[in-house]
Amino acid sequence: MIDPILSLAVSVFHNKGVYSLLLGSGISRSSGIPTGWEIVQDLIRKVAHLRKEKCEPDPDKWFTHAFGLEPNYSDVLDQIAKTSAERSQVLRGYFEPTEEELAEGRKRPSPAHKAIAQLIARGYIRVVITTNFDRLLEQALSEIGIQPVVISTADAVRGALPLAHSPCTVIKINGDYLDTRLKNTRGELERYDEHMDKLLDRVFDEYGLIVTGWSAEWDIALCAALQRCPNRRFATYWAQRGPAKPAATDLIALRGATTVQIADADGFFRELDEKVSALESFSITDPLSASVAITRLKKYLSEDTYRINLSDLVSNETERTHRTITDSRFSVQVPHNITGETVLKRMQLYETELAVLLAMQVCGAHWTSQGQQTVFLKSFKRIADQSGPESGKVVWLSLRRYPALLLMYGIGLGAIAGSNYPFLKALFDLNLRIDSYKPEKPAATTLHNLGVMERDLQRILPGREREHTPLSNHLFEALREPLREYLPDDAIYEAAFDWLEYLICLAHINLQVTRPELQEEKAKNPEFYIWAPAGRFCWKTSENSVLHNTEQAKDGSLPPRVVSALQAGFCEAGDGTRTDKYLDIRAALGRFLGHVRQQWGIYF
């Protein structure tokens, strides 16, 4: 028999937005928020203290003896606070963290809340019903930039957007602890407002249901809403620890629910999120999906009449990719030690998520016309711009730029294969927000291998400890297959890779120094050099190096590919006839690379 949680993950993945959640107090247990029964126990102790009586070791038995009532959440709270306002004040301390609790990480969103937030962010869950008064789910959503529609009163039901028009709706059927209209007592839990009932009827009729952390013992009106639902269009999954309570057992039978035995809510939702993410990765790395995307892309590039289709195709894949490379798997707060293996694993995970978009960008760079290039530049900027948290592990913060670096190299190689130098020039000049707190700067000045990973860190990558340019070498290998269609010969691919890195160096210098500044520096020191992000071409022998193959001939002519780059505007060459800045930059770069080779112990 198939594992129920695997079945659930497959259903959630293939029915995006169809499943709703029903969450009880168990979902917040690991955050230090007490369950309803734990609040009952604590409230009984408070009652006993006020009566100057001892209730331990069995507070519930003491309450029964003292009041002739079986203790339950509703009745005990009613003994302490007679009005909704009083009950709200009594409950506040159970939900709001003290400074000490904050320091200990208590009463903060749990792994379950964070996993649910990720499922919501990727569109798998759009409706959450909760009996809880706390705001931990809202906090988890806020931390990743999502502001849900929250419905906690009958008035809010009447004023809310239709569920279909809201990316996320949280229905707090018993209220919010800061609102005096919350529902606690048995009488309050026996019935809901007519509008709330109708909303629940819609959810239970139109959505599948995943129930977690809810015993069904106290919420009489909620049980009634489930019982009166005439249809079960989609399945119900009921996650529980141990045997279900009688009320829950009845509802499980009525709904034909699949029970999922779990250790706790944190593990359940974390596993669900991981399995859905695994299905996403399997789907997007399926060669057929990339092949279909490229087939459609080539069709849309062939005629201008497809410009809207082209924009939609690239934009949709860009947004899907952006969501996946910014989800919880790429957290910058990862607690474990940084090793070459963990860094490489994250790089490879980025590569997996970028596979389809990378293939589309390479194809676009090769074939796009000037009128179409904005679509691809806009997509690249969306991936490259940084807007996430600025605190965390420095390694992971810097590595967030790796997807953009991978795309820039892929686009650059595609453009070189198609001799599309105007597009390559536009790519290098494109302003990016590499640091969310700094002004935008051109891609060629900020996006390079040392900006993604310092050289010492590059050398901890497995098998690359003795290499001079580990990250460039990794990119060279990672991009070989995506570029094989456009550069099938290995030697030509390697030459194109070196030429790309050489152009990156030229553009990096060109964008940071003016022609007059170059002339002034030459007058002061003819042997001056300028730093640039040296690539793997730097350690190659002179007869095979890109420097050798881009030299000016004795008659003053330049190699055809250099001319093509200059005609596209590289080094402020205008129509390609003004070559002085290129030659000055090339000479300064050559002297710098000579110093680099000496540092590496390379002499030729």
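The values are calculated or read from the model by the stated rules, or taken from the named source; none is laboratory data. Fair warning: this is a prediction, and the values are worked out from it, not measured in the lab. Cβ: placed from backbone, ideal geometry, glycine included. Neighbour counts: every protein chain shown.
Observations
Table: residues versus (1) over 26 Å from TRP499 (Cα atoms); (2) in contact with a Leu (Cβ under 7 Å, 6 or more places away or on another chain); (3) polar (S, T, N, Q).
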{"site": "THR324", "(1), (2), (3)": "yes, no, yes"}
{"site": "GLN348", "(1), (2), (3)": "no, no, yes"}
{"site": "ALA365", "(1), (2), (3)": "no, no, no"}
{"site": "THR368", "(1), (2), (3)": "no, yes, yes"}
{"site": "LYS381", "(1), (2), (3)": "no, yes, no"}
{"site": "ALA384", "(1), (2), (3)": "no, yes, no"}
{"site": "SER387", "(1), (2), (3)": "yes, no, yes"}
{"site": "ILE411", "(1), (2), (3)": "no, yes, no"}
{"site": "SER419", "(1), (2), (3)": "no, no, yes"}
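Rundown of residues vs (1) at pLDDT below 90; (2) part of a helix (DSSP H, G or I); (3) closer than 23 Å to ALA115 by Cβ, yes/no style:
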| residue | (1), (2), (3) |
| --- | --- |
| LEU8 | no, yes, yes |
| LYS16 | yes, no, yes |
| LEU21 | no, no, yes |
| GLY26 | yes, yes, yes |
| SER30 | yes, yes, yes |
| ASP42 | yes, yes, no |
| VAL47 | yes, yes, no |
| PRO57 | yes, no, no |
| ALA66 | yes, yes, no |
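- Evaluation of THR131 against the conditions (1) of a type in the set (Ser, Thr, Tyr); (2) closer than 26 Å to VAL157 by Cα; (3) without any contact (Cβ under 8 Å) to a residue 60 or more places away in the chain shows that the sole unmet condition is (3).
Per-residue answers, yes or no, for (1) under 18 Å from the mean Cα position of the chain (by Cα); (2) part of a helix (DSSP H, G or I); (3) at pLDDT below 90:
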{"site": "VAL76", "(1), (2), (3)": "no, yes, yes"}
{"site": "ALA85", "(1), (2), (3)": "no, yes, yes"}
{"site": "GLY93", "(1), (2), (3)": "no, yes, yes"}
{"site": "ALA117", "(1), (2), (3)": "yes, yes, no"}
{"site": "VAL128", "(1), (2), (3)": "no, no, no"}
{"site": "PHE133", "(1), (2), (3)": "no, no, yes"}
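- No other residue among GLU319, GLU303, GLU271 is surrounded by fewer than 15 Cβ atoms within 10 Å (Cβ to Cβ), more than 20 Å from ALA216 (Cα to Cα) and at pLDDT 90 or above apart from GLU319.
- Against the numbered list (1) among the basic types (Lys, Arg); (2) at pLDDT 85 or above; (3) on the phi < 0 side of the Ramachandran plot, LYS52 comes up short only at (3).
- Looking across PRO470, PRO462, PRO526, one residue alone is without any contact (Cβ under 8 Å) to a residue 24 or more places away in the chain and more than 24 Å from GLY414 (Cβ to Cβ). It is PRO526.
- Residue selected from the stretch 101-115 under the condition among the charged types (D, E, K, R) and either in a helix (DSSP H, G or I) or buried (at least 19 other Cβ atoms within 10 Å of the Cβ) (or both), by the criterion nearest to the chain's Cα centre (by Cα): LYS114
- Restricting attention to the stretch 135-159, the residues that are of a type outside the set (D, E, K, R) and part of a helix (DSSP H, G or I) add up to 10.
- Look at (1) hydroxyl-bearing (Ser, Thr, Tyr); (2) under 28 Å from GLY267 (Cβ atoms); (3) crowded, with 19+ Cβ neighbours inside 10 Å and you find that THR98 fails only one, number (3).
- Among (1) within 30 Å of GLU317 (Cβ to Cβ); (2) without any contact (Cβ under 8 Å) to a residue 24 or more places away in the chain, the one test that GLY105 misses: (1)
- Within the stretch 546-570, being in a loop (DSSP other than H, G, I, E, B) and farther than 23 Å from GLY594 by Cβ holds for ASP555, GLY556, SER557, ALA568, GLY569.
- With respect to (1) hydrophobic (A, V, I, L, M, F, W, C); (2) over 41 Å from the mean Cα position of the chain (by Cα); (3) surrounded by 12 or more Cβ atoms within 10 Å (Cβ to Cβ), the lone exception for ALA523 is condition (3).
- Residue in the stretch 230-238 that is over 21 Å from ALA9 (Cα atoms), touching an Asp or Glu at 6+ places or on another chain (Cβ under 8 Å) and at pLDDT 90 or above present: no
- SER545 satisfies every condition listed in (1) modelled with pLDDT under 90; (2) exposed (fewer than 15 other Cβ atoms within 10 Å of the Cβ) except (2).
- Pairs with Cβ under 9 Å, 6+ apart, first in the stretch 302-328 and touching a residue at least 60 places away in the same chain (Cβ under 8 Å), second among the aromatic types (Phe, Trp, Tyr): ARG307/TYR300; LEU310/TYR300; SER311/TYR300; VAL314/TYR300; VAL314/PHE376; THR318/PHE380; THR324/PHE330; ILE325/TYR350
- Residues of the stretch 443-453 satisfying the condition of being under 24 Å from the mean Cα position of the chain (by Cα) and touching a residue at least 24 places away in the same chain (Cβ under 8 Å): ALA443, LEU447, HIS448, ASN449, LEU450, GLY451, VAL452, MET453
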